[in-house]
Amino acid sequence: MKIPNWMVNLGLRVMSLPPRISLSIASRYPKAASAWTLRRILRNSRETEYGREHHFSILLKIWNKDQFFRLFEKSITPSEYESFRPYVERHKKGEKNVLVPGKPLMYATTSGTTSQPKWIPITTAYMKTVYSKMSHIWLYNIARMRPKWISGGIMLSVAKAVEGYAEDGTIYGSVSGVTAKGVPSFIRDKFVTPEEIFEIKDYNARYYALMRLAIEHNVTAITAPNPSTILELIHNAEEHFDEYIEDIEKGTISEKYDIPPAIRSVLLKNLKKNPERAEALRQLKLSNPVPRIKDWWPELQVIAAWRCGNTAIAAAKVMESLPECCLYQELGFFASECRFGLVMDEGIETTLFPNYHYYEFVEETDLEQPNPRFWRLHELQEGKRYCIFVTTLSGLYRYNMNDLVEVGGWYHKTPQIHLVQKVNGIVSITGEKLYEKQFIDAVRKAEEETGMKTNFFIGFADPEKSRYDFYYEFKEKLVLRPRVEKFTSIVDRYLQEMNIEYESKRQSLRLKAPKAHILRRNAYDLFKKIALKEGARDGQFKLVMLLQDKIRQKWINSLTDEK
């Protein structure tokens with residue numbers, strides 16, 4: 001029996017009520033909630049080897065909140081993943097009670113600072129307490145803002161739930177994939193993209209299968225964390241629209257694409273000839289040779305994806321293609337290591353959950369200090385930027401996310417934040433400390449001043465030549481070098497206005513003028529394909545616009561129109 005939309009939305013409202021009440025109370029008393037949450041985390045892991053090494057049982061005897069926080073800071077040194085790797089490796093071999101009680105439920109894998117990926121433990125407690133309850137709030141918020149969101153199909157693009165197994169048999173893979181399996185069945189039934197699609201290794205084949213299956217339906221909701229994935233799907237549609245029509249008409253999936261037979265068989269079971277939709281799409285293309293999302297899904301209600309930090313450029317391109325009724329819902333600040341919170345409205349500010357995580361912050365201005373002051377959640381100030389550290393129920397303690405966030409508002413008395421950039425988006429050749437955001441803003445200002453618009457741009461620091469290399473793909477098909485060099489001189493001028501240290505180094509000639517490079521068409525897509533070929537994961541591909549990286553600069557150099 002088909003469940004009416006109003007009943008689905010009502011069910012989400014009921015399911016989300018307990019965690020919404022809990023969040024509301026915690027957000028009114030962030031200091032007390034932080035102390036309670038930290039105490040809960042330490043109590044949960046006090047009998048682990050890590051807990052005994054760091055005297056969790058002793059810490060739990062301290063009842064004064066301020067003293068409790070201070071002693072916690074003294075007991076545990078702020079760390080990045082490599083400090084936790086030895087404990088995780090022992091868990092992977094089957095040991096229990098090392099970093100977390102028992103063994104992890106699964107591992108989320110993501111790229112690390114070394115050649116080895118990070119294996120982030122996810123415990124049963126974290127999955128049930130954080131992911132499950134936060135997902136209920138998230139789904140309710142979407143239903144509240146766009147009640148018709150589930151009137152059609154739901155297109156989901158997530159990484160594989162299971163990518164493999166650790167030595168002891170524990171799965172590793174995508175938390176988003178596992179979470180998708182855990183949504184209520186009355187929502188899962190609306191998925192038009194079966195999970196088997198994400199088992200397709202060839203990305204061209206995967207994108208084709210995703211769009212072929214999705215475009216047959218009236219999709220009203222899309223979830224794809226990275227907007228660059230949505231861009232890839234749009235480009236796939238531009239190239240293969242006629243093939244979709246033929247496949248939909250015949251109830252097939254083109255044999256041109258490298259889809260494993262077992263997966264192809266599963267996908268075909270749910271397909272049948274659909275000449276009516278095929279004809280509608282054919283007529284659509286006759287009236288508009290380059291259809292967009294708003295053309296083939298005019299009733300699309302919501303896209304849930306990132307649009308903060310480095311994803312803003314791709315997000316802006318996606319938004320150009322959406323119907324007016326569609327809400328581009330910022331997915332919120334979260335990573336493989338932690339789901340920090342949710343965006344509760346149509347803005348970009350993530351509401352933090354002090355009842356699930358213990359947060360600490362270092363001011364942006366103190367990041368290079370050997371012993372910076374750590375601020376607690378209730379001490380943050382609106383408008384200031386901080387690097388965030390987190391302690392979770394999944395075995396991360398005072399973990400440095402290397403993310404720069406800005407406080408943009410308040411949910412009751414708890415600050416809301418949005419991602420600005422990775423801390424490693426700060427580059428320095430001679431001490432100028434140039435920020436990725438400054439570079440992006442300078443390019444945008446140069447665009448406004450000159451009228452020259454870019455499709456894509458990126459900058460690299462070259463310490464050997466004491467200069468920056470700036471690469472642009474302009475919207476104009478032919479841009480002569482003198483204009484590009486003039487554009488770059490304007491970018492350089494704005495950077496000097498924004499950054500006094502950059503200005504000082506440029507004026508003293510310690511930093512040479514940046515060099516301009518012209519990129520070929522579709523450079524962003526080509527750059528991403530190289531990254532994926534070299535081992536990057538599609539769902540986690542986040543482009544840092546200002547880098548010091550010889551390997552990636554070599555990739556981008558291969559995409560210039562220069563000889």
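The values are calculated or read from the model by the stated rules, or taken from the named source; none is laboratory data. All values derive from a computational prediction rather than experimental measurement. In this analysis, Cβ positions are derived from the backbone assuming ideal geometry, glycine residues included, and neighbour counts consider all displayed protein chains. To get the accessible areas, we keep the full protein, side chains included, count just its heavy atoms, and leave off ligands, DNA and RNA. Shrake-Rupley method; radii C 1.70, N 1.55, O 1.52, S 1.80 Å.
Every condition in (1) more than 32 Å from the chain's Cα centre (by Cα); (2) farther than 28 Å from residue 98 by Cα holds for residue 29 except the one numbered (1). Pairs linking a residue in region 508-520 that is under 26 Å from residue 558 (Cβ atoms) and open to solvent by 20 Å² or more (accessible area, probe 1.4 Å) to a residue that is aliphatic (A, V, I, L, M) and assigned to a loop (DSSP other than H, G, I, E, B), with Cβ atoms under 7 Å and 6 or more positions apart or on different chains, are 518/479; 520/559.
Screening region 347-370 for residues that are assigned to a loop (DSSP other than H, G, I, E, B) and open to solvent by 40 Å² or more (accessible area, probe 1.4 Å) and picking the one that is nearest to residue 18 (Cα to Cα) gives 348. Within the option set 267, 284, being on the phi < 0 side of the Ramachandran plot, open to solvent by 10 Å² or more (accessible area, probe 1.4 Å) and assigned to a helix (DSSP H, G or I) holds for one residue only, 284.
What residue, of 128, 160, 74, is open to solvent by 20 Å² or more (accessible area, probe 1.4 Å), in a helix (DSSP H, G or I) and closer than 30 Å to residue 187 by Cα? Result of the check over 128, 160, 74: 128. Restricting attention to region 371-386 and to residues that are touching a Pro at 6+ places or on another chain (Cβ under 9 Å) and of a type in the set (A, V, I, L, M, F, W, C), the residue that is most open to solvent (accessible area, probe 1.4 Å) turns out to be 374. Filtered by the rule that a residue be open to solvent by 10 Å² or more (accessible area, probe 1.4 Å) and either among the polar types (S, T, N, Q) or touching a strand residue (DSSP E or B) at 6+ places or on another chain (Cβ under 6 Å) (or both), region 31-51 gives a lone residue, 44. The conditions of being open to solvent by less than 40 Å² (accessible area, probe 1.4 Å), under 25 Å from residue 91 (Cα atoms) and at pLDDT 85 or above are not met by residue 193.
Considering each residue of region 445-464 in turn, at least one proves to be closer than 17 Å to residue 515 by Cα and hydroxyl-bearing (Ser, Thr, Tyr). Taking region 300-346 as the range and being open to solvent by 20 Å² or more (accessible area, probe 1.4 Å) and either of a type in the set (S, T, N, Q) or within 14 Å of residue 141 (Cα to Cα) (or both) as the test, the residues that pass are 301, 310, 336, 344, 345, 346.
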